[in-house]
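The values are calculated or read from the model by the stated rules, or taken from the named source; none is laboratory data. Since we're looking at a predicted model, the values are computed, not measured. When we count neighbours, we look across all protein chains shown, and the Cβ atoms used for this are built from the backbone with ideal geometry, even at glycine. The accessibility values were calculated without ligands, DNA or RNA, using every heavy atom of the protein model including side chains. Shrake-Rupley method; radii C 1.70, N 1.55, O 1.52, S 1.80 Å.
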Amino acid sequence: MAYFYLESCELHWSRSETEPDEGIITGGFFINGLRSMLIEPSDFWNQCKYAFEKAGQEELMDMPDGYSWLEGTTALINPSYYPQYGCVKLGESHFLDNFFFFDSGFFYPLPFKSLEEYFKAMISTAAVNCWQYFFIDPSIVIEKNNKVSYISWSNYFRSNHLKDQDHHIFNSGLDIDRLDLIEEYLLRCVKLLPSTFPFLDFTYHKKYYEEFKKLYSNMR
């Protein structure tokens, strides 16, 4: 029950490029006060509609009810630019044992059954942005993101696939999708996190990426 007294707190970090085209990674968290979180569900996912509308794929976006956010990249002040949140499903029979990851219009189930499990997983991955992907069934990630427009993912502007593109203009002719960008990002994480946080063990995350890569390659 100690977690019930957890109030809002935040931490942020970033790693700049040290080699050409290796990309940057950022991380950190903003934890929602639990008493505020339990008052009522949020509808912050509505802020992501514009990207799906631009791509003509608005029917793909998840729009469920009854969720509230537990932890995110930032506070709930600009979800159009930072729409990644760890969420809980409210109104269930057990207290905070139903966790999900919301990223840029899509919900993914998480395996955690307690706040302690959630925060341990976050810390083990240095709270890198979108760390939750390493704990989602790879087949679910691949199924949901295959053939979905790259612009629907809020981190698209950091992709080397798009380094020669104007990030403010949607290029519907590019032969890449959201899944390509996520695969690239997961690879970037397993390459850069070990040297950024040498005191953490990323063996699990590397094995996850290897499994993800095999499934991804079969789709390409």
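Some observations on this one:
- In the range 116-134, the residues that are on the phi < 0 side of the Ramachandran plot form no Cβ pair under 6 Å with any partner that is surrounded by fewer than 22 Cβ atoms within 10 Å (Cβ to Cβ) and among the basic types (K, R), whether six or more places apart or across chains.
- Residue check, L162 touching an Asp or Glu at 6+ places or on another chain (Cβ under 8 Å), buried (at least 16 other Cβ atoms within 10 Å of the Cβ) and farther than 25 Å from D62 by Cα: no
- On inspection, K191 does not qualify as among the charged types (D, E, K, R), in a helix (DSSP H, G or I) and more than 24 Å from H12 (Cβ to Cβ).
- Residue identified as among the hydroxyl-bearing types (S, T, Y) and open to solvent by less than 10 Å² (accessible area, probe 1.4 Å) among S217, S152: S152
- Of residues in the range 15-74 being in a loop (DSSP other than H, G, I, E, B) and under 16 Å from the mean Cα position of the chain (by Cα), the one surrounded by the fewest Cβ atoms within 10 Å (Cβ to Cβ): I24
- Taken across the range 78-93, residues that are open to solvent by 50 Å² or more (accessible area, probe 1.4 Å), at pLDDT below 90 and in a strand (DSSP E or B) do occur, with at least one present.
- Among the residues of the range 186-201, those identified as surrounded by 13 or more Cβ atoms within 10 Å (Cβ to Cβ) and without any contact (Cβ under 8 Å) to a residue 60 or more places away in the chain are L186, L187, V190, P194.
- Any chance N171 is free of Cβ contacts under 8 Å to residues at least 40 places away in the same chain and in a helix (DSSP H, G or I): no
- Check on L96, open to solvent by 20 Å² or more (accessible area, probe 1.4 Å), assigned to a loop (DSSP other than H, G, I, E, B) and modelled with pLDDT under 90: no
- Candidates V141, V148, filtered to the one that is assigned to a loop (DSSP other than H, G, I, E, B) and among the aliphatic types (A, V, I, L, M): V148
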